[in-house]
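> Encoded as structure tokens, here's the structure I'll be asking about.
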């Protein structure tokens, strides 16, 4: 599907195309989304490239949050960026 076909399909607003609780059922939200869809695409692209930073942004405050070490951050990024990585990860013996 080309970009022009996607834009044409997005311009045809039909509230029945979305989940019952979706904010896109409201035409005002839908028009805002269409005007800024390129920004959302850029944000999603960035979040997929840096999943560890995304987790840092959404993690809860307090003791139940996971704190990644440097090697864990590297592994998350490798797994997010490449479709079939080969990781040789030794276990730590403490």
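> Need the failing condition index for residue 12 against (1) modelled with pLDDT under 80; (2) surrounded by 10 or more Cβ atoms within 10 Å (Cβ to Cβ), just the number.
(2)
> Further question on the same structure: Considering only residues that are touching a residue at least 12 places away in the same chain (Cβ under 8 Å) and more than 19 Å from residue 12 (Cβ to Cβ), which ones fall in the stretch 26-49?
Result: 48, 49.
> Say we look at the stretch 27-64 and pick out the residues that are over 24 Å from residue 83 (Cβ atoms) and touching a helix residue (DSSP H, G or I) at 6+ places or on another chain (Cβ under 9 Å); which of these is surrounded by the most Cβ atoms within 10 Å (Cβ to Cβ)?
Within the stretch 27-64, the subset over 24 Å from residue 83 (Cβ atoms) is 27-39, 56-64.
Restricting the remaining residues to those that are touching a helix residue (DSSP H, G or I) at 6+ places or on another chain (Cβ under 9 Å) gives 27, 29-30, 33-34, 37, 57.
Values: 27: 10, 29: 13, 30: 19, 33: 14, 34: 13, 37: 13, 57: 9.
The qualifying residue surrounded by the most Cβ atoms within 10 Å (Cβ to Cβ) is 30.
> Which residues, taken from the stretch 54-77, are in a helix (DSSP H, G or I) and within 25 Å of residue 91 (Cβ to Cβ)? Steps first, answer last, please.
Filtering the stretch 54-77 down to residues in a helix (DSSP H, G or I) leaves 54-58, 70-77.
The answer is 55, 70, 71, 72, 73, 74, 75, 76, 77.
A quick yes/no check of all residues on (1) within 21 Å of the chain's Cα centre (by Cα); (2) within 30 Å of residue 7 (Cα to Cα); (3) modelled with pLDDT of 90 or more; (4) assigned by TED's automatic domain parsing to the domain that holds residue 4:
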{"site": "42", "(1), (2), (3), (4)": "yes, yes, yes, no"}
{"site": "72", "(1), (2), (3), (4)": "yes, no, no, no"}
{"site": "85", "(1), (2), (3), (4)": "yes, no, no, no"}
{"site": "91", "(1), (2), (3), (4)": "no, no, no, no"}
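The values are calculated or read from the model by the stated rules, or taken from the named source; none is laboratory data. Not measured: the values here are computed from a predicted model. Cβ coordinates were reconstructed from backbone atoms using ideal geometry, including for glycine residues, and neighbour counts include every protein chain displayed.
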